[in-house]
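A short write-up of the structure that comes next.
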Amino acid sequence: MSRGAERRSTALLAPGERWGWEYRLEPAPVPERAAPTTPSVPLPDWVHAAAQRYDAAARRTLRYRWPTVAAAGLSVVALAVAAALGSGALALAGAGCAGLALAGVAVLILPRRFAARYADAEHQRWLRGCARRAEPAPAPAPEVPAGRWRPLRPAGAEHVDVYGGTDRGWAALLSTVAGSVIGSGGSVTILDLTGSSAARDLVRVAGAAGHRLDLLTLPDHLPAVGLLADLAPAQVGTVLAEAVHAVDRDPDTGDRSGDAALAGQAVTALRGAVTFRRVAAALRALNGEIADGDALSSAERANLAAALRQVGNQTAASRLRRLAAAAEQLALLEEHDPGVRPYRDPHAQLRVMQLAGDDEDLSTGLLAQILAGTLLHQVRRLVPTESGPARLLVVAGADGLRRAQLERLGTLARRRGIRLLLLYRRLRADVAPPTGTDATVLMRQHGAAQANQAARLLPAGIELLVADPTAERRAAAAGTARRAGAEPEPPGRLPAPPPAPPLPPHPWRPDVPPAVPDAARYAPTPEFLRDLPDTAYLLLDPRDGGSPRLLEADPSVLGQGI
């Protein structure tokens with residue numbers, strides 16, 4: 001197994017049930033404002049110069065200290081004596097000494113005061129430099145939300161209807177949904193009526209991973225598998241009558257329950273193995289047509305002869321012939337033995353019953369109805385469970401089955417605690433938005449009528465976020481596209497979104513930011529549903545608050561660098 005295939009198998013069978021992968025916006029981390037760091041303080045280069053200036057001023061003023069004191073003392077004495085003697089000369093001398101004292105005081109004070117003012121001015125200048133360096137750094141710009149692929153867990157839907165899609169899309173969907181159930185320890189039963197082996201990828205991946213399988217391909221394995229062996233006579237009659245009435249396109253086909261009773265009487269007379277060939281012979285014998293080599297014993301012929309007397313009338317004869325013809329058609333398939341035996345395992349986690357080939361002839365249609373009828377009785381025999389590993393039942397190609405039959409299957413599956421997944425090629429005429437515990441999956445729709453009908457199932461005014469790995473390529477080629485026409489998209493990619501104004505936010509989905517790298521927003525129009533990639537689909541689940549969701553079934557998207 002290659003490394004890529006191994007990674008894909010690991011992603012598909014990883015524990016934890018999944019519907020698929022959704023492209024979600026991861027909230028951008030809120031930028032944390034860094035703690036303010038202590039700013040670098042400029043060196044106080046002014047201190048030394050200011051101190052020297054102050055010291056110099058102090059040294060210069062010290063020499064005038066005592067002369068100032070002496071001049072002050074002399075002025076006091078001279079003025080006192082002049083006042084006593086009334087001498088003007090002494091008064092004039094005292095005034096002169098007082099002037100000298102005042103000048104000395106000025107010489108003592110002013111130089112130091114000027115030095116202090118110089119120091120204050122330098123200190124203020126230094127503080128202004130510190131304030132400029134302590135300015136806070138600007139807050140970082142908020143980051144743009146990033147898109148990431150994340151698995152979507154089921155919201156609790158018990159019945160899921162899938163409409164539309166291609167063979168590749170169905171194979172991817174089954175691999176994703178059923179693979180997650182198997183990887184979580186649950187069991188999966190698949191009835192594939194498409195003839196295109198929709199479970200091929202799942203069988204290959206599960207088998208390579210060592211999970212136990214039970215694979216039955218019909219009609220190749222029909223001779224080795226007794227489809228009717230585990231059914232009671234009345235159940236065989238019901239299954240055969242249901243199959244005949246389902247493939248008969250004539251609406252006036254008689255009483256279905258009456259046909260089931262007739263076929264049940266024929267099967268009741270059988271004492272050996274119940275095969276289509278023996279059932280056809282019993283129906284012929286019940287109608288009075290006994291031939292040699294019809295695989296019936298003498299005791300069985302006697303039982304049928306006794307029952308013939310109770311049934312014999314013209315109406316019953318025509319119905320018996322029709323039932324016998326259908327049984328003979330199935331007997332022809334039963335006689336075909338290609339020499340290949342089915343791979344059976346009674347404890348398998350994955351059971352697959354699939355039709356081989358897509359030829360829509362009478363035999364294939366009858367066999368498909370027989371398989372659906374036997375599946376219905378197998379589900380009825382299961383024991384209901386409310387806990388334990390999950391159980392999933394898948395019917396691929398349910399378009400040919402009757403509505404009443406599918407409703408009975410859905411009711412039985414709910415009662416047994418089994419999740420039911422039905423895959424239809426086309427939408428039913430009476431399809432409606434899901435309610436309760438039901439869900440709906442819309443894959444690529446074929447045709448305008450189907451796309452319009454599918455679009456009506458979606459709520460109005462919603463948008464879907466779509467991963468767009470080709471955004472950069474389209475942006476680079478925008479000028480070329482305008483000159484030479486639109487460039488075709490590669491297969492499996494969504495087309496470029498139309499230049500339409502953004503839709504208003506819907507209460508089911510939060511508003512999507514307009515600028516998301518490598519992503520685009522789409523309105524789910526009919527054109528959008530017709531151009532969906534094979535492995536993309538919309539999930540409508542009323543129990544999911546984020547419904548509808550656009551999912552991807554191919555795990556290779558996990559490796560995209562978006």
* Might you check whether a residue that is assigned to a helix (DSSP H, G or I) and of a type in the set (S, T, N, Q) occurs anywhere in region 408-425? => yes
* Could you identify the single residue in Ala302, Ala285, Ala280, Ala229 that is within 29 Å of Ala404 (Cβ to Cβ) and modelled with pLDDT of 85 or more? => Ala280
* To do: Filter region 361-383 down to residues that are in contact with a helix residue (DSSP H, G or I) (Cβ under 7 Å, 6 or more places away or on another chain) and outside any helix (DSSP H, G or I), then give me how many there are.
  => 0
* Structure fact -> Of the listed residues (Leu262, Leu173, Leu222, Leu240), the one being touching a strand residue (DSSP E or B) at 6+ places or on another chain (Cβ under 8 Å) and not small (Gly, Ala, Ser) is Leu173
* Based on what the data block shows, is Ile190 open to solvent by less than 10 Å² (accessible area, probe 1.4 Å) and either modelled with pLDDT under 85 or in contact with a His (Cβ under 6 Å, 6 or more places away or on another chain) (or both)? -> no
* If a residue has to be loosely packed, with under 12 Cβ neighbours inside 10 Å and either of a type in the set (Gly, Ala, Ser) or in contact with a Cys (Cβ under 7 Å, 6 or more places away or on another chain) (or both) to count, how many in region 374-410 make the cut? -> 3
* **Output for region 176-204, where each listed residue is touching a strand residue (DSSP E or B) at 6+ places or on another chain (Cβ under 8 Å) and in a loop (DSSP other than H, G, I, E, B)** => Gly186, Leu193, Thr194, Gly195, Ser197, Ala198, Ala199
* Mind counting the residues in region 415-437 that are out of contact with any Ser or Thr (no Cβ under 7 Å at 6 or more places or on another chain), modelled with pLDDT of 90 or more and surrounded by 15 or more Cβ atoms within 10 Å (Cβ to Cβ)? => 11
* Asked: Quick one: is Gly237 assigned to a helix (DSSP H, G or I) and without any contact (Cβ under 8 Å) to a residue 40 or more places away in the chain?
  -> yes
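The values are calculated or read from the model by the stated rules, or taken from the named source; none is laboratory data. Being a predicted model, the structure only gives us computed values, none of them experimental. Note: ideal-geometry Cβ built from the backbone for every residue, glycine included; neighbour counts use all protein chains shown. With ligands, DNA and RNA removed, areas are computed over all heavy atoms of the protein, side chains included. Shrake-Rupley method; radii C 1.70, N 1.55, O 1.52, S 1.80 Å.
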